[in-house]
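So the structure is just underneath, and the comments pick up after that.
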Amino acid sequence: MIYQYWNEKFEKMPRTELEAWQLERLRETVACGLRTPFYRKRLAESGITEARDIKTLADLRRIPFTTKSDLRDGFPYGFLAVPKEEVIRLHASSGTTGIPTTIYLSRGDIARWTSFVARCIYATGCDKTDVFQNMITYGLFTGGHGFHAGGEEVGMLVIPSGPGNTTRQFRLMQDFGTTVVHATPSFLLHVESKMKEEGVGRDSVKLKRAFAGAEPYSEDTRRRIEELLRIDVYNSYGLSEMNGPGVAFECQEKNGLHLWEDGYIAEIINPETLEPVPDGERGELVLTILCREATPILRYRTRDLTGFIPGPCPCGRTHRRLYRITGRSDDMLIINGVNVFPSQIEEVIMAMKEVGNNYLIEIEKDGVLDRLTVKTEVTAATFMDDTRPLNALKERIRRTLQASITINPRVELHESGSLPVSEGKAVRVRDLRPRDV
Ligand code: AMP
Ligand code: ZN
C-alpha cells in the first residue's frame, strides 16, 4: 500500500521526540489553564501555580480530572484563557448527555484544528482531486464545520450539503461527481435504503469513501455499509470538548484509530478505580488538549470506552491507535440487574443479513421486572406476507441475543423504513422505566 502523509514530520515523529513535544505543549497548556478562573483554583489545590511546576509528563497525573459537570459549572467563561476579543468562534456539544458545554476558539486554534482534520482526511487517500459532500450537521455541532475546513485545507471541492433530504443528496452526488462523504453511520445506512427506494443506481454515483463517526458503531456495521455502498468507510472520532473531529482517525489500514499525540495526551483509566490500565486493555479515555489556547482542558474524562492497541501500525505513523469506541462508561444499561451495552445488541443484529438498517432498543417496566424489547427492521426481501419465516427469524434473533447478553428480550420485526430516523445522532435506546427519586 502507498501511504500519504499530510504532515510527515509529525505523523512519523520518533516517540522520544513526540514526548518532548508533548511536554513542551503541556507546559503551554497549563500556562493557559492558569489564566482561567477554574484551573487557577483547581491547579493551586494540587500545588501547581506556574507552568514550570510541570517537570515531566508524569506530572500530568498530579492534575485532577476535569468532568463534563465541571465544564457546565464553569459556564459561560470559567474556562476561557484569552481575552474575549481574541475568540473568533464557539461550539457546543450536541448534548448527547444533556446540557451543552461551550468551547471557544482563537484564530490560531481554528488553524491548528483544521490541520488535524486535514491530516485525517489525507490519511485515507483523499486529495485535491476529490469531491467531498459533507452530509453532517453544521451549526453549533463541530462535525460540519470541522470537516468543512479540513476538506478545504486538503483542496477538495467541498459541498456543504448538511444532513437530511436524501433526494437532494443524490442529486448533488450525481451533478458534481461526489467521491467522498461524511455522515453518521446510521445516516449512511439510511442513504443506502433510500437509494434503493428511489431507484438511484450505484453506478450513477462515483462514491469511493466515507468518513463515519459521531456515534458508536460495530465492525459489522462498517462492513455492511462498505458492502452495500461499495466504498471504504473510515472511523472518525472526536468530541466537542476536544475540538470535535480530528482527535483520532483510521488510516488506510483500517485497524484502529490513530490518536494524534502531538495535539492530545491520552490516558486510559479504569472508570471505577481511576487508575491507568495497561495497553491492550479497555477502559475510559481521558484526554488533555495540547493544541488550543482559548479553552485549555486538562485530563478530561470523556466517558468513552476504548483502549490502546499494542504494537505499531504498518502505515509508519508513530501515534498510538485506539480500538473502536464500544460505548460510554455512562451508557451502560442495567436490565434486571444485568449490565448491557447497546453495542452488544447492535453487534448481534447487524451480523444478520435479513436485518435491515435501523433498530431501536426499548426498556420498560413489566410489573416489578424490566422488559427489554429489541425492534429491528428487516430487509424488503425478507418482509413477505408469509409469517412463518419471519417468526423463525424472530426466534433466531431472540436466541442469539439471549446468548450474548444473558437476558431474554422481546423481539419485534418491522418493515424497512418504518422505524424513526434521526438526522443527527441516532436515538437507539429508549429507556421508558420510571426513574427512582
Ligand atoms: P459531541 O461532543 O457532540 O461531538 O459528541 C462526542 C461524543 O460522540 C464522543 O464523546 C463519543 O461518545 C461519540 N462519538 C464520536 N465519534 C465517535 C465514534 N467514531 N465512535 C463512537 N463514538 C463516537
Ligand atoms: Zn496507520
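Any read-out appearing in this document is the output of simple, stated calculations on the displayed coordinates, not a laboratory observation. Predicted, not measured: the structure shown is a model, and the values here were computed from it. No Cβ is skipped: glycine too gets one built from the backbone with ideal geometry, and neighbour counts run over all protein chains shown.
Per residue of the chain, what 222 nm ellipticity follows from adding -39500 (n - 2.57) for every DSSP H run with n ≥ 4, rounded to the nearest 500?
After summing the helix terms and dividing by residue count, I get -9500 deg cm²/dmol.
By per-residue mean of other Cβ atoms within 10 Å, what is the highest-first order of 415-423, 393-401, 188-196?
188-196, 393-401, 415-423
What order do you get for Arg119, Arg52 when you list them from fewest to most C-beta neighbours inside 10 Å?
Arg52, Arg119
Once both axes come from the Cα atoms, what is the angle between helix 15-33 and the longest principal axis of the chain, in degrees from 0 to 90, rounded to 10?
That works out to roughly 80 degrees.
Quick one: angle between helix 219-229 and the longest Cα principal axis of the chain, in degrees between 0 and 90, rounded to 10, please.
Around 70 degrees separate the two axes.
With 10 angstrom as the radius, rank His414, His258 by how many other C-beta atoms surround their C-beta, starting from the fewest.
The fewest-first ordering by Cβ neighbours comes to His414, His258.
How high is the relative contact order of the chain, in percent, counting Cα pairs under 8 Å that sit 6 or more residues apart?
14
Quick check for me: using +1 on Lys/Arg Cβ and -1 on Asp/Glu Cβ, what's the dipole size of the chain about its Cα centre, in debye to the nearest 20?
240
Considering only the chain, what is the antiparallel percent among its DSSP beta bridges, to the nearest 5?
Here the antiparallel bridges make up roughly 60 percent for the chain.
Determine the alpha carbon to alpha carbon distance for each of Lys68/Lys375; Lys353/Lys394; Lys196/Lys353; Lys128/Lys196; Lys194/Lys353 and list only those over 20 Å.
Checking Cα-Cα distances, Lys68/Lys375; Lys128/Lys196 exceed 20 Å.
Quick one, what does Rg over Rh come out to for the chain if you take C-alpha atoms and the Kirkwood Rh?
On the Cα set of the chain, Rg over Rh gives 0.98.
Going by how many other beta carbons lie within 10 Å of each one, how would you line up Cys126, Cys291, fewest first?
In increasing order of surrounding Cβ atoms, one gets Cys291, Cys126.
Could you tell me whether the stretch 305-389 comes out rounded, prolate or oblate from its Cα gyration tensor? Rule is a ≥ b ≥ c as square roots of the eigenvalues, rounded for a/c under 1.5, then prolate if a/b exceeds b/c, otherwise oblate.
Since a/c reaches 1.5 but b/c is at least a/b, the shape of the stretch 305-389 is classed as oblate.
Could the peptides 336-346, 197-207 be put in order, highest first, of the mean number of other beta-carbon atoms found within 10 Å of their residues?
Descending mean neighbour count gives 336-346, 197-207.
Quantify how much of the Cα-Cα distance distribution of the stretch 53-210 extends past 18 Å, in percent.
Cα-Cα pairs in the stretch 53-210 separated by more than 18 Å: 67 percent.
Which of rounded, prolate, oblate describes the stretch 287-437, given a ≥ b ≥ c as roots of the alpha-carbon gyration tensor eigenvalues and a/c under 1.5 marking rounded, otherwise prolate only if a/b is larger than b/c?
Taking the square roots of the gyration eigenvalues as a ≥ b ≥ c, the stretch 287-437 is prolate.
Which residue, Ile405, Ile136, Ile103, tops the fluctuation ranking in a GNM of the chain built on C-alpha contacts under 10 Å?
So, out of Ile405, Ile136, Ile103, the one fluctuating most is Ile405.
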